[in-house]
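First comes the structure, then the notes that go with it.
The values are calculated or read from the model by the stated rules, or taken from the named source; none is laboratory data. All values reported here derive from a predicted model rather than from experimental measurement. We place every Cβ from the backbone using ideal geometry, glycine too, and count neighbours over all the protein chains shown.
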Amino acid sequence: MSAPRPVSQRCDTSMSAPAPLARAKAVIEALAGNNFDGLRNQQVANAIHASASTTFRTLEALEAIGWAERVPGRDDRWRLSPRLIQLAIAHQHETARLTQQVDDFINRYSRSPN
């Protein structure tokens, strides 16, 4: 399991976001890469430098909107939900599709005339 990066390395401090939103982002980033075993609430709290109770409320809020879940059979561990992963994959597919369109355009307009 990889150690989550400190929040200071993940948050863009040039823009301020409401604290709960910034905390939810930090929790999501802490959970990223830990989907098989998940992380305990305290591990997430330590990673984002927040209290365990605040982190737990954030995890429950993310669970309520379908972006985090408890690891089945290990209720003390949390991970990103399949829905959040599906959103990331959909974004990746869209990016690949658009990249292909741009590549096709470049190929079409950069051919030398015969």
Would you confirm whether or not segment 62-77 contains a residue that is surrounded by fewer than 17 Cβ atoms within 10 Å (Cβ to Cβ), in a helix (DSSP H, G or I) and at pLDDT 90 or above?
yes
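I'd like the full set of residues that are without any contact (Cβ under 8 Å) to a residue 12 or more places away in the chain and under 16 Å from the mean Cα position of the chain (by Cα), limited to segment 65-81.
Initial filter on segment 65-81 (without any contact (Cβ under 8 Å) to a residue 12 or more places away in the chain): 65, 72-73, 75.
Correct list: Ile65 only.
Please enumerate the residues belonging to segment 21-56 that are more than 20 Å from Arg83 (Cβ to Cβ), free of Cβ contacts under 8 Å to residues at least 40 places away in the same chain and in a helix (DSSP H, G or I).
Looking only at segment 21-56, we keep the residues that are more than 20 Å from Arg83 (Cβ to Cβ), and these are 22, 40-43, 45-56.
Restricting the remaining residues to those that are free of Cβ contacts under 8 Å to residues at least 40 places away in the same chain gives 22, 40-43, 45-46, 50-56.
Hits for segment 21-56 are Ala22, Asn41, Gln42, Gln43, Ala45, Asn46, Ala52, Ser53, Thr54, Thr55, Phe56.
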Out of Arg40, Arg97, report the one residue that is farther than 22 Å from Pro20 by Cβ and basic (Lys, Arg).
Arg97
What number goes with the only condition from (1) touching a residue at least 12 places away in the same chain (Cβ under 8 Å); (2) of a type in the set (A, V, I, L, M, F, W, C); (3) outside the structural domain of Pro18 (by TED's automatic domain parsing) that Leu87 does not pass?
(1)
